[in-house]
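*Asks:* Below you will find the structure I want to go over with you.
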Ligand code: GCB
């Protein structure tokens, strides 16, 4: 999260001495690593045990022969997250945190046990070949390992028992068979159950789970040698290219989100409880689908999807590009095998995703023939992965998620490979207009009428600290993002052939290379990084929840400021309430502001805010009762005329060259956009907003990380060519702070996700200017680039006396180039 680009990518070492107690020493012993990013080598007592490739799947390390006689095991692990051209992901919009970031366990079993396979999966594999409302069949495959022949062990007489119990623990079916196994073998057993009549089906609204417990029992002593319990859900489903997703023959529109695994202060080392919390938050939003993206995650995620009735897709981290090497292909196949083996038994999973935006970084742009070969290699790899998936798990669908370049994926043949085509669409954000989204959906349906379509991603940055009454594309305001989501969601709901609406992303996440208003964070979440809900989350609740719902969505925007309406002691500003009721009443400090009909889950009010705390209450009537929601909004009235004694001036924070507001949550300050000078009030004279030339996305300002501040939005906009800034303040003592940062000559964030035009570096003439206050020189020959550098925050604070009704006039005089000012703050002292 610091200003220095990049993060540690290299080797980390872990060491731990464990002592295995005597009673466990004749057992089978293994270590299980749930996740180590990305190349891990495990040594036990100085001997290399295993090297595992890939950062997001689990793996076993058998240590029976490595533990010392006295039970001592010195475990040493090296984990390397350096770039490795043979291991996916090569590049992506998330941080590849290294290390052992999930649990590591010591697993001990009897010497006869279920296999701990090389793919890290469960050796009990459950399928439900035929399911209907009338009956369900169940098939269990398991693999059992017997120890090498020792003095005493000859053949082992065993029982393999599988029991199916319903949710209340009642046994509903079982199968038991005798096995006589010689020493030192791996035995595969298949148990097929006779059809279970009238199964209680698993669905999104009623995620009913049975359990299957499978055990190896010593036939003589009847003691249980090993036991594995799995969830079991009975459901059947299909994806139709015309009419969407059907679960148990009922149509279900899939609406949900993707999830990254990181949290503030933890990186990827997130306890399972927090992983579970994320799925719970998706459910509470009204979502019924989780794209576990862009890599397999903590098992707790899918456990929770099973439990809460969230349909899921899981994927391997093949993102943006490939390396054309057999080593890369093999590693990718290995990740796929592991993913399926480790996540297979979850009823919530309906599809495996093979790749994400794999043609985003096209390679060989100057050699079209070679580029064709590259694309052909991608399609070849996709075909390998797709056939392997269908062979390993014929019951599930396969999906590939593409970025919005239809022809690139279609002409190369990639759209034909997987069973479902996913499109990650950002029209009206990175490029194009909102309406291009709807045309894209229709184009797919027309050109690929037999291919089921899902919108595997859509979203817009929503920085909860940025607000605007005049939202525009890419201003990062909550208001623009809300309009974006409204448009997208409704277009998808209208089209039955659009199977799924998968929001990018459930929560904000860390991406080191991102700059933006919140550097290193991708702000497209419905939840903030710390999981506090944004307005967007409540909009989805209003649209998706069945139970009565009302929420003042700008409650999170609880610090506001505004200029008084002319001649009044209030400042009227818009506020929205999200609800699934037909109408909402809003009360301000106990007084009704009337009722408003909701449109698309929202009711808009103009609220006359007064100075101080404004108590708001929104009310709906549902199920015969009133349901309220409350918010307290702290409002600072700014006088219309600065000398107005009815609303005495205290302080103001102004962003120049901006049409947005910014809330500094640390200093509890609200910044308002610039206005042109109005006599009696304040404002700028001359100049125009800084605009990063050659950049089609940003309407004003820069998206560059400004170093030396947490208040990047204060410095990211600017007035260029400003002559004066005037404040007609009453006499008194004031503290004035001027904020500068050189924005020109700064290359914009070079993310590959900026799909329209890349931000280009702007070359600028040298900029030298004087700054005076009320005619007295404050800064002479001020040269930001020479003194401090570009994109560096500079603040100049001065205390001054205002006398003789002259107010404050800040004058800027060019010596070379045009003078600039990014922001200013004035505070009355006495
Ligand atoms: C995408 C990528 C995802 C990015 C997202 C974005 O298309 O699949 O990894 O994070 O766009 O926010 O740009």
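*Asks:* Output the 0 to 90 degree angle, nearest 10, between the alpha-carbon long axis of helix 435-447 and the longest principal axis computed from the alpha carbons of the chain.
*Replies:* Roughly 30 degrees, rounded to the nearest 10.
*Asks:* For residue 366 and residue 118, what does the FRET efficiency come to when R0 = 41 Å and r is the distance between their Cβ atoms, rounded to the nearest 0.05?
*Replies:* 0.45
*Asks:* Another question about this same structure. Taking the simple approach of a point 7 Å from Cα along Cα-to-Cβ for both residue 171 and residue 566, what is their distance in nm?
*Replies:* 8.6
*Asks:* Then there is this: Can you tell me the length gained on complete extension of the stretch residue 48 to residue 643, counting 0.36 nm per residue apart and subtracting the Cα distance?
*Replies:* Using 0.36 nm per residue and subtracting the Cα-Cα distance, I get 206.4 nm.
*Asks:* Next up: For the chain, I need the span (max minus min coordinate) of the C-alpha atoms along each principal axis, in Å, sorted largest to smallest.
*Replies:* Taking the Cα atoms of the chain, the three principal extents are 107, 65, 58 Å.
*Asks:* Relative contact order, percent, of the chain when contacts are C-alpha pairs under 8 Å separated by at least 6 residues?
*Replies:* 8
*Asks:* Mind pulling up the Rg/Rh value for the stretch 375-431? Radius of gyration and Kirkwood radius, both on Cα.
*Replies:* Ratio value, two decimals: 1.04.
*Asks:* What FRET efficiency comes out for the pair residue 610/residue 829, r = Cβ-Cβ distance, R0 = 25 Å, nearest 0.05?
*Replies:* 0.50
*Asks:* Based on the mean of other Cβ atoms within 10 Å per residue, sort peptides 248-258, 233-243 so the most packed one is first.
*Replies:* 248-258, 233-243
*Asks:* With a cut-off of 8 Å between alpha carbons and a minimum separation of six or more residues, what is the relative contact order of the stretch 415-513 in percent?
*Replies:* That works out to 29 percent.
*Asks:* Given N residues in the stretch 383-519, what is its alpha carbon radius of gyration divided by 2.2 N^0.38 Å?
*Replies:* Here the answer is 1.17, to two decimals.
*Asks:* Same structure, new question: Specify the inter-centroid distance of the stretch 53-76 and the stretch 788-809, based on alpha-carbon positions, in whole Å.
*Replies:* 63
*Asks:* I've got another one for you. Pulled fully out, how much extra length does the chain show between residue 242 and residue 815, if you take 0.36 nm times their separation in residues and subtract their Cα-Cα distance?
*Replies:* Separation in residues times 0.36 nm, less the Cα-Cα distance, equals 199.7 nm.
*Asks:* At R0 = 35 Å, how high is the FRET efficiency between residue 41 and residue 387 if r is their beta carbon distance? Nearest 0.05 is fine.
*Replies:* Rounded to the nearest 0.05, the efficiency is 0.65.
*Asks:* What nm value, rounded to one decimal, do you get for the distance between residue 625 and residue 490 when each label is placed 7 Å out toward the C-beta?
*Replies:* Placing both labels 7 Å beyond Cα along the Cβ direction yields 3.3 nm.
*Asks:* Turning to a different aspect of this structure: Nearest 5 is fine: what % of DSSP beta bridges in the stretch 480-592 come out antiparallel, could you say?
*Replies:* Of those bridges, close to 90 percent are antiparallel.
*Asks:* Still on this model: Order by neighbour count: 742, 192, 4, fewest other Cβ atoms within 10 Å first, most last.
*Replies:* Listing 742, 192, 4 from fewest to most nearby Cβ atoms yields 4, 192, 742.
*Asks:* How much length is gained if the chain between residue 206 and residue 591 is pulled fully straight, taking 0.36 nm per residue apart and subtracting their Cα-Cα distance, in nm to one decimal?
*Replies:* Stretched out fully, the residue 206 to residue 591 stretch lengthens by 134.4 nm.
*Asks:* Right, next: For the chain, give the share of DSSP beta bridges that are antiparallel, in percent and rounded to the nearest 5; count only bridges with both residues there.
*Replies:* Taking every DSSP beta bridge with both residues in the chain, the antiparallel ones total about 80 percent.
*Asks:* Further question on the same structure: Please give the helix 326-343 orientation as an angle from the longest Cα principal axis of the chain, in degrees from 0 to 90, rounded to the nearest 10.
*Replies:* 80
*Asks:* Quick one: angle between helix 478-494 and the longest Cα principal axis of the chain, in degrees between 0 and 90, rounded to 10, please.
*Replies:* The answer is roughly 50 degrees.
*Asks:* Rounded to the nearest 5, what is the percent of antiparallel bridges among the DSSP beta bridges in the stretch 410-526?
*Replies:* Antiparallel bridges: around 20 percent, rounded to the nearest 5.
*Asks:* Could you work out the helix-only [θ] at 222 nm for the chain, with each DSSP H run of four or more residues adding -39,500 (n - 2.57) and the total divided by the number of residues, to the nearest 500 deg cm²/dmol?
*Replies:* Helix contribution divided over all residues of the chain: -4500 deg cm²/dmol.
*Asks:* Okay, next question. Take residue 799 and residue 411, extend 7 Å from each Cα along the Cα→Cβ direction, and tell me the distance between the two endpoints in nm.
*Replies:* 6.8
Rule-based calculations on the coordinates, nothing more; no lab input. Computed from a prediction, not measured in an experiment: that's the story for all the values here. Reconstructed Cβ throughout: ideal geometry from the backbone, glycine too, with neighbour counts over all protein chains shown.
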